[in-house]
1. Under a GNM of the chain (C-alpha, springs under 10 Å), which listed residue has the highest mean-square fluctuation: 52, 336, 140?
2. Any idea how far apart residue 396 and residue 225 come out in nm if each label point goes 7 Å out from Cα toward Cβ?
3. Between residue 88 and residues 5 or more places away or on another chain, which pairs have amide H atoms under 5 Å apart, with H built 1.01 Å from N, and which residues are they?
4. Sort 81-88, 359-366 for me by packing, meaning the mean count of neighbouring Cβ atoms within 10 Å per residue, highest on top.
5. Please name whichever of 86, 110, 39 sits farthest to the positive end of the charge dipole of region 1-147, dipole taken about the Cα centre and charges placed at Cβ: Lys and Arg +1, Asp and Glu -1.
6. With a sphere of radius 13 Å drawn around the Cβ of residue 329, what net charge do the other residues whose Cβ falls strictly inside it have (Lys, Arg +1; Asp, Glu -1)?
7. Using a 1.4 Å probe on the protein heavy atoms, what percent of the accessible area of region 136-256 belongs to carbon and sulfur?
8. Taking H as built 1.01 Å from N, whose amide H comes closer than 5 Å to the amide H of residue 241, not counting residues under 5 places away?
Amino acid sequence: MATFEEARDLILRSAAPLGVEVVELADSLGRVLATDQISVWDLPMWDNSAMDGYAVRAQDCPVGSVLQVRGFLPAGRAAELSLVAGSAAKILTGAPIPSGADCVVPFESIEVHGDSVRLLVQPVTGAHIRKQGSDLRAGDCILNAGTLVGPTEIAFLASSARSSVPVIRRPRVAILSTGDELLMPGEQLAPGRIFDSNGPALAAAVREAGAIPITLPIARDDPAALRQQLQQGLRADALVTSAGVSTGDRDLVREVLRDLGAREVFWKVDIQPGRPMAFAVTDECCVFSLPGNPVAALLTFEMLVRPALRRMGGHLRPTQATRRVTLGEPVQPRPDRMTLRRVRLEQIDDQTVAMSSGRQATGFVRTLACADGIALIPSGTETLPAGTVVDVHSLRQRGDFGGGAQ
Ligand code: AMP
Ligand code: MG
């Protein structure tokens, strides 16, 4: 049996970033850059006006000067005029500064009299001019390999004329629900049967982790059927199965995986819920065999599979930092394992406190649905009084952009 930390380390060591693919810039949101991105030119590319106003020569026009307006410079055109002493040029934001000018006086600091202007302020050399290269120099690294692409990164790339960008490939993740009792959506309910909820839930979780789910047909608890489906799943970058991984008569997943040549790295993790999880590898595929119980399946996915998929997708920090939160009520954990406790986070005065989100037995999905986070209570812990500070893994506002949903 592995501790939680051992299990996560073993998994992350096996999950290497995948290869590179080139995508359109518009499709790069949420992807991870595969290479450093170098600026091909200075940004701004030329000195330009930061305001709507008049371009002037600061040194020869004290406050009160009256200047002849010679020319109009909107954005989007080269500055074809050259400013001579005693003159000004009307200029709009973003327009190149004409030669001879060294300052922009905004409209609000100017009085217009026909085709001349009077300065109400003393112009200052360099004022309201965005200097060439002041943001980026040609040859500067704009964004490092490993950067997650968001709107700001897309702005940088677009302004450097990139229309496509190399990113790490999204992991393709096969999902296999196993069990004789499972029905597919739309099938007729029958005594003893239940609808497969792990399949759709894990497919959504895969997508949320930035990967591409491939849902396989449900496999029955029968070695031949399992073998065929697992074999197909092993062709993906990762295979996530649920159920059939404990010690029951029908728990065949590990055995069939072994027959197919998968090398088991660990079986059982010292956590509650989620203990029977197994992890195996082939040369091409990471295989996560999750417990069947829906709460255990989703929690083991969140804590142990998601980081692996993020690493495969190129994220430099695949695990999520926990935050320290005060318990708002006493907790009686299982002393023999690390407890993953479903909690709501409540604001009481100026403090965030963690309260149980409801009954903690593994069978209760509702208490996972209304949880804001998972309190990680270390193994060997006796009763914790209210006021104890614990680590909480947030289930909200992850800051990702989802995966295949785009
Ligand atoms: P097992 O790991 O096969 O012993 O399953 C543990 C529990 O999870 C049993 O109550 C199963 O019926 C339930 N279960 C297994 N697979 C699924 C699934 N895909 N969707 C919903 N419940 C499941
Ligand atoms: Mg079963």
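1. 52
2. With each label point 7 Å from Cα toward Cβ, the separation is 4.1 nm.
3. Here the answer is 68, 69, 70, since their amide H atoms fall under 5 Å of that of residue 88.
4. Numbers: 81-88: 17.1, 359-366: 13.8.
Sorting 81-88, 359-366 by mean packing, highest first, produces 81-88, 359-366.
5. Result: 86, furthest along the dipole toward the positive end.
6. In short, +1.
7. Values: 2880 of 5510 Å².
Carbon and sulfur atoms account for 52 percent of the accessible area of region 136-256.
8. It is 176, 288, 289, 290, by chain and number.
The values are calculated or read from the model by the stated rules, or taken from the named source; none is laboratory data. Small disclaimer: the values here were computed from a predicted structure and weren't measured. Positions of Cβ are generated from backbone atoms using ideal geometry, with glycine treated the same way; all protein chains shown enter the neighbour counts. Surface accessibility is based on the protein's heavy atoms, side chains included, excluding ligands, DNA and RNA. Shrake-Rupley method; radii C 1.70, N 1.55, O 1.52, S 1.80 Å.
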